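Let me begin by presenting the structure, written as structure tokens, before commenting on it.
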Amino acid sequence: MGAVTSPVRERLVEAASELFYAQGLRAVSADRIIERVGTTKVTFYRHFRTKDDLVVAYLQGRAAIEREGVGGAIARAGGDVETALRLISEGLGAVACSPGFRGCPFINAAAEYSDPDSAVSVSGLGEVDFWPALPRLVALEHGGDITSKPRLLAGAGATVALSAATGGDLPRSRRWRECLEPYGIGDELMTACRDRHGCWGTVELMRDAGDPPFGEEDRQLLEALAPTLGTLLRRGLEQSARTAGGPAEPRPPGTLILDAELRPVSWTPPWREWLSELPVPGPGLLPPAVFEIGARALEPPGALPNRVRMRTAGGRWAALEGARLEGGSDGVAVTVRAASAEETFDLLCRVHDLTPRERELAALVLAGLATDQLAQALYISPYTVKDHLKAIFAKTGVGTRGELVSQLTGAATAGGDEPT
């Protein structure tokens, strides 16, 4: 007899699916879902150990729906590829035109954890079982494996297949031998999702060991899609960023010490507090960003920074940084702290697609300059200043200067200032 699913659990997932999709993962608290369902915290945590577990259930449910839709289209096509693609496209078009459509739920979810400067994997989407090998995999990536994300981001090409890079001899890659082959993984296809504002994520596709390798057509297709995926990820983050996190209690920085193999050694009490708000792939696991930041700190300085900015479950903006230890201890300290207003401003200006001129004006607004002062500083008329502000307000979804300051610094919403 199959397992019986609890009606309360189903209602929790149903409520979470509606709220997460409409408002974003970070904007919806567990308390709000509990209130919507009309249950208690004790009941909630009986079914889900953390909110992240509920997020996983939500995404798994959406994935099942999409697989069912694609599978149904393929079945109705009766083996005809063109018919299957047409039916899938028609289905996607119908969904995209339906009321309440907010885009792909997976892109929306991934977009809430992006930093275009560092390209660190703050979070990930997918069903994989090699999480125990993640620290070693990341260490080998940053140590100069044949294919790796750092090489991809620093190189001219945006997409690379492991089979092509190794000339069809996958064991040439130490990362594949030690971390992927033991889990039955064959070829890998990787791309960087860039637009003109930076890299907003990466896509890493993997095939089972018995499947054929990725071909040149696969690589070209993914490379052609990469810029569009980058823009979609940035726009998804834009929607998430418009939801203010609200006032947050000051919290001291937290530090985690990793050894040379990126294994946790010790930590400070504030680290535990921060960890409860950081995105993790599963219970008992550390955020993937910890290992990437740690690996970069252990290597000589390169083109990619040892820092990533992220939004926590509580809505605050945080910065994760790494530094190599000195004095005989061959390890690294990873520190998490509240992101500064300058760090958040830089990120959110790109998220909202502000032009250089709009960004310059917004920085002066944050400095407190009035309209006449802005006009003098930029050598333009007050009327032009107001036109620029209207364009910035439209891009950021605010109506006053106070709200603009709050939006671009990641603070709680403020109002009451003149609109322009």
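Results, tabulated for the structure shown:
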quantity: Region 30-54, subset at pLDDT below 85 and within 21 Å of the chain's Cα centre (by Cα), residue surrounded by the most Cβ atoms within 10 Å (Cβ to Cβ); calculated: 51
quantity: Subset of region 178-204 [over 16 Å from the mean Cα position of the chain (by Cα), hydrophobic (A, V, I, L, M, F, W, C) and within 30 Å of residue 352 (Cβ to Cβ)]; calculated: 190
quantity: Positions within region 43-68 being in contact (Cβ under 8 Å) with a residue 40 or more places away in the chain and small (Gly, Ala, Ser), in sequence order; calculated: 57, 61, 63
quantity: Tally, over region 165-196, of residues that are surrounded by 18 or more Cβ atoms within 10 Å (Cβ to Cβ) and either touching a Lys or Arg at 6+ places or on another chain (Cβ under 7 Å) or under 19 Å from residue 133 (Cα atoms) (or both); calculated: 13
quantity: Top-ranked residue of region 351-364 - restricted to ones that are buried (at least 21 other Cβ atoms within 10 Å of the Cβ) and in a helix (DSSP H, G or I), ranked as nearest to the chain's Cα centre (by Cα); calculated: 351
quantity: Some residue of region 377-400 being of a type in the set (Ser, Thr, Tyr), crowded, with 16+ Cβ neighbours inside 10 Å and under 30 Å from residue 257 (Cα atoms); calculated: no
quantity: Positions within region 320-362 being within 24 Å of residue 239 (Cβ to Cβ) and of a type in the set (A, V, I, L, M), in sequence order; calculated: 320, 338, 339, 341, 347, 348, 351, 354, 361, 362
quantity: Scan of region 154-193 for residues that are among the hydrophobic types (A, V, I, L, M, F, W, C) and without any contact (Cβ under 8 Å) to a residue 12 or more places away in the chain, ordered by number; calculated: 156
quantity: Unmet requirement for residue 147, which otherwise passes all of (1) over 25 Å from residue 239 (Cα atoms); (2) at pLDDT below 70; calculated: (2)
quantity: Residue among 261, 238, 217 that is farther than 25 Å from residue 290 by Cα and surrounded by fewer than 20 Cβ atoms within 10 Å (Cβ to Cβ); calculated: 217
quantity: Members of region 306-343 that are of a type in the set (Gly, Ala, Ser) and either more than 27 Å from residue 30 (Cβ to Cβ) or not in a loop (DSSP other than H, G, I, E, B) (or both); calculated: 318, 319, 322, 323, 327, 328, 329, 331, 333, 338, 340, 341
quantity: Unique residue being without any contact (Cβ under 8 Å) to a residue 60 or more places away in the chain and loosely packed, with under 14 Cβ neighbours inside 10 Å when the list is 269, 250; calculated: 269
quantity: Close pairs (8 angstrom Cβ cut-off, 6 or more residues apart or separate chains): touching a residue at least 12 places away in the same chain (Cβ under 8 Å) and closer than 21 Å to residue 292 by Cβ in region 335-350, among the basic types (Lys, Arg) and in a helix (DSSP H, G or I) anywhere; calculated: 350/234
quantity: Considering residues of region 278-318 that are surrounded by fewer than 20 Cβ atoms within 10 Å (Cβ to Cβ) and free of Cβ contacts under 8 Å to residues at least 40 places away in the same chain only, the residue nearest to residue 257 (Cα to Cα); calculated: 284
quantity: Test: residue in region 5-17 that is within 29 Å of residue 194 (Cα to Cα), touching a Phe, Trp or Tyr at 6+ places or on another chain (Cβ under 7 Å), part of a helix (DSSP H, G or I) and modelled with pLDDT of 85 or more; calculated: yes
quantity: Residue count, region 14-26 (criterion: in contact (Cβ under 8 Å) with a residue 40 or more places away in the chain and surrounded by fewer than 20 Cβ atoms within 10 Å (Cβ to Cβ)); calculated: 4
quantity: Residue match in region 79-97 (condition: closer than 30 Å to residue 33 by Cβ, at pLDDT below 80 and not in a helix (DSSP H, G or I)); calculated: yes
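The rows are residues; the columns are (1) at pLDDT below 65; (2) more than 17 Å from the chain's Cα centre (by Cα).
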| position | (1), (2) |
| --- | --- |
| 114 | yes, no |
| 117 | no, no |
| 135 | no, yes |
| 139 | no, yes |
| 142 | no, yes |
| 160 | no, yes |
| 166 | no, yes |
| 171 | no, yes |
| 176 | no, yes |
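The values are calculated or read from the model by the stated rules, or taken from the named source; none is laboratory data. Computed from a predicted structure; not experimentally measured. Here the Cβ is made from the backbone with ideal geometry for all residues, glycine too, and neighbour counts use every protein chain on show.
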